[in-house]
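Just so you know, all these numbers are worked out from the coordinates, no wet-lab data involved. Because the structure is a prediction, the values reported are computed rather than measured. Positions of Cβ are backbone-derived with ideal geometry, glycine not excepted, and every protein chain shown enters the neighbour counts.
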Amino acid sequence: MSESLHDRPEGFRRVTELLAALHHPHAPKYLDVAARTSQEAADALRIGVGQIAKSVIFRRRSDDAAVLVVTSGDKRVDEKKVAALVGAVGRADAEFVKASTGYTIGGVAPVGHATPPVTLIDRELFRFDVIWAAAGHPNGVFQLSPQQLQVLTAAPVVDVVQA
């Protein structure tokens, strides 16, 4: 890896190395500005907010497992739809997100988690040919297709957003 990768935050390095090992065609980009929200990321990349693959973490009540829902930045996750698929869930605080994923909120990548989460991909992402996901840090993003996301995560494609 390049000299500059060593200067990057640990989460960004982890995602970069994982994607390289998986032969993903697009290396993560490190933005000049933090993109903690889908809108900030879309603005930084000059794309539509729906093309941001946002990672939302829930905490499953039955066993404290992390549940990762990846959906379009222009959609809101419907907690009831998620619960119907994986069991009752609740909000995950910043401490739980960091402990279970290894990432801070605003930089949660869909891959490379400290503990593999239960993962769901919302079908709304398939409206787009190209999407962008967080790369382990609020300044890190990487390009992929919804199909590549499904391959990388081995997650089912479901309907989990509000109408």
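What list of ³J(HN,Hα) couplings, whole Hz, do you get for segment 104-112 from phi and the Karplus terms 6.51, -1.76, 1.60, once you set θ to phi - 60° and write x for glycine and proline?
Here the 3J(HN,Hα) series is 8, 4, x, x, 5, 7, x, 9, x Hz.
Restricting to the chain, what percent of DSSP beta bridges are antiparallel, rounded to 5?
70 percent
Top mean-square fluctuation among Val141, Val151, Val89, Gaussian network model of the chain, C-alpha springs under 10 Å?
Val151
Could you give each residue of segment 49-63 its phi-based ³J(HN,Hα) in whole Hz, using Karplus coefficients 6.51, -1.76, 1.60 with θ = phi - 60°, and x for Gly or Pro?
Karplus values, whole Hz, x for Gly and Pro: 4, x, 7, 7, 8, 7, 9, 10, 9, 10, 10, 6, 5, 5, 9.
Hey, got a sec? Which trypsin sites (Lys or Arg not before Pro) in segment 1-96 land in a DSSP loop and have at most 16 other Cβ atoms within 10 Å?
Here the sparse-neighbourhood loop sites are Arg36, Arg46, Arg61, Arg76.
What is the angle, in °, between the Cα long axis of helix 10-21 and the longest principal axis of the Cα atoms in the chain? Nearest 10 is fine, range 0 to 90.
Relative to the chain, helix 10-21 is tipped by roughly 90 degrees.
Where is the GNM fluctuation largest for the chain (alpha-carbon springs, 10 angstrom cutoff): Ala88, Ala66, Ala35?
Result for the chain, Cα springs under 10 Å: Ala88 fluctuates most.
Under the rule a/c < 1.5 gives rounded, and otherwise a/b versus b/c splits prolate from oblate, where does segment 79-132 land using the Cα gyration tensor?
Oblate is the answer for segment 79-132, as a/c is 1.5 or above yet b/c matches or exceeds a/b.
Once both labels are modelled 7 Å past Cα along the beta-carbon direction, what's the Lys29-Ser145 spacing in nm?
A separation of 2.0 nm, rounded to one decimal place.
Which entry in (i) 44, 37, 29; (ii) 46, 31, 27; (iii) 46, 35, 24 matches Cα extents along the principal axes in Å derived from the coordinates of this structure?
Here the calculated entry is (ii).
Using just the helices of the chain, give the 222 nm mean residue ellipticity in deg cm²/dmol: DSSP H runs with n ≥ 4 each add -39,500 (n - 2.57), and the total is spread over all residues, rounded to 500.
-7500 deg cm²/dmol
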